[in-house]
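A short write-up of the structure that comes next.
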Amino acid sequence: MSTGPDVKATVGDISSDGNLNVAQEECSRKGFCSVRHGLALILQLCNFSIYTQQMNLSIAIPAMVNNTAPPSQPNASTERPSTDSQGYWNETLKEFKAMAPAYDWSPEIQGIILSSLNYGSFLAPIPSGYVAGIFGAKYVVGAGLFISSFLTLFIPLAANAGVALLIVLRIVQGIAQVMVLTGQYSIWVKWAPPLERSQLTTIAGSGSMLGSFIVLLAGGLLCQTIGWPYVFYIFGGIGCACCLLWFPLIYDDPVNHPFISAGEKRYIVCSLAQQDCSPGWSLPIRAMIKSLPLWAILVSYFCEYWLFYTIMAYTPTYISSVLQANLRDSGILSALPFVVGCICIILGGLLADFLLSRKILRLITIRKLFTAIGVLFPSVILVSLPWVRSSHSMTMTFLVLSSAISSFCESGALVNFLDIAPRYTGFLKGLLQVFAHIAGAISPTAAGFFISQDSEFGWRNVFLLSAAVNISGLVFYLIFGRTDVQDWAKEQTFTHL
């Protein structure tokens, strides 16, 4: 990882050869065929892998605790006459399923196993972000991705060994996943030009929606065909394959990248020349605590992730209960909002950078406008859901629209921390992840309470509460949100705790 003086010397050399406008014109012709966009695509694949590993147990656990071929009915007449090829395929599937054991886990044990992934999430984000900011994100993110993917391959063996080992494995896996989700933002401090920051971060972040879509779409099918262990083998293997791309191709600084062109290097370094990106060992804790723009982002993160975790946890349940869909169809329908959200995240980032590069809107206006759109419209749509539950098509349309429009927040408040304190990106992302995990721990619990109290009006109360929390966070962000680099995040500030 380059030091501050090294980067400044490089800036001087590059500046003497040309100017930022020429370099920007050269790189604009390359479009997505650039190293920085390739980096965004690799990060997208990493986020895809992490989110499939986060959700794979949620998809597999119904098959893990329920034997699809009960021993008491070995000769049940559920098979239809078939051709020889169909019979051979059915026999092959039976052999696979016979190798997939079922466990006698109570609902309480299942809940502990599912939530164990988050047990270490409250403590890991801040250290992970801090270490990534100081030493670079390449090895922090790469190590987290490899550990999580490798442990995913051993979940079937851990389940056979006992619940205690499975829980311990999931705790370690959760910490490793936090290393990936938190540390990756330190990369953009050195790689993302200000005019492309939204599109690069949203391309990378869209992997979360894509991973959720694929695991919902394919997980149930895998469990029903070749058995639930292959959900872990396949997605764990994909994560290990990502590591083969990550370590040789990713560098913390474009100055040290062996494959980057001189024009792209010139553009990136010159565009970041006026921005102090050098990390600091000490942290201005007192100034951070007093910073209202930082609190605006923290509150916004909590409120927006309140809605996100509610939707992620209860979309399949809502679809199955309202639309009366079976397990397979519920998974497919639940995946639709996520794939649309994945596309809209990228489009929102491109739109935000277009408005900024053409000087149509100021950065502060873009951040607040996109946040307002991503909060207000989905809140109204979700509150209206109980009144259209009689129409299946309208219900799915509303869910898809909510996911699509809420993705605008990824180019608004959710990326704002890169603007106000680039020196402390890793630490701040870790702090923001803590607030997001707190919201994720509270919101599904609150939703479950409302639904259990009254099945008819419970969903209405869940959506009303989520909308109220989301809009409250929006109001706070609109009042106190800023995009200029804060005084405590500048190099000349040395007042630390």
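How much of the accessible area of the stretch 376-473, probe 1.4 Å, is carbon plus sulfur, in whole percent?
Values: 2430 of 3540 Å².
Answer for the stretch 376-473: carbon and sulfur cover 69 percent of the accessible area.
With θ set to phi - 60°, apply the Karplus curve 6.51 cos²θ - 1.76 cosθ + 1.60 along the stretch 116-128 and write out the HN-Hα couplings as whole Hz, x wherever there is a Gly or Pro.
Using θ = phi - 60°, the values come out as 4, 4, 9, 4, x, 6, 6, 9, 7, x, 5, x, 5 Hz.
Quick one: how many lysine pairs in the stretch 286-496 have C-alpha atoms under 23 angstrom apart, if they're 8 or more apart or on different chains? Display every interim value, and only then the final one.
On the way: 290/368; 290/429; 290/490; 359/368; 368/429; 429/490.
For the stretch 286-496, qualifying lysine pairs total 6.
How large is ³J(HN,Hα) for each residue in the stretch 241-249, as worked out from phi by the Karplus curve 6.51 cos²θ - 1.76 cosθ + 1.60 (θ = phi - 60°), to whole Hz, x for Gly and Pro?
Each residue's phi maps through the Karplus curve to give 5, 4, 4, 5, 7, 5, 5, x, 9 Hz.
Accessible area per residue for the stretch 286-496 in Å², computed with a 1.4 Å probe and the full protein assembly in place, what is it? List each step's numbers first, then the result.
Details: 8820 Å² over 211 residues.
Accessible surface, normalised per residue, equals 42 Å².
For residue 283, enumerate residues with amide H under 5 Å from its amide H, sequence gap 5+ or separate chain, H modeled in the peptide plane.
Placed amide hydrogens put 497 under 5 Å from residue 283.
Per residue, how much accessible area does the stretch 144-214 have with a 1.4 Å probe, in Å²? Walk me through the numbers on the way to the answer.
Working: 1840 Å² over 71 residues.
Per residue, the stretch 144-214 has 26 Å² of solvent-accessible surface.
Return the sequence-ordered ³J(HN,Hα) values of the stretch 358-363 in whole Hz as given by the Karplus equation 6.51 cos²θ - 1.76 cosθ + 1.60 applied to θ = phi - 60°, using x for Gly and Pro.
8, 6, 6, 9, 6, 4
The values are calculated or read from the model by the stated rules, or taken from the named source; none is laboratory data. In this text, all values refer to a predicted model and were calculated from it rather than measured experimentally. With ligands, DNA and RNA removed, areas are computed over all heavy atoms of the protein, side chains included. Shrake-Rupley method; radii C 1.70, N 1.55, O 1.52, S 1.80 Å.
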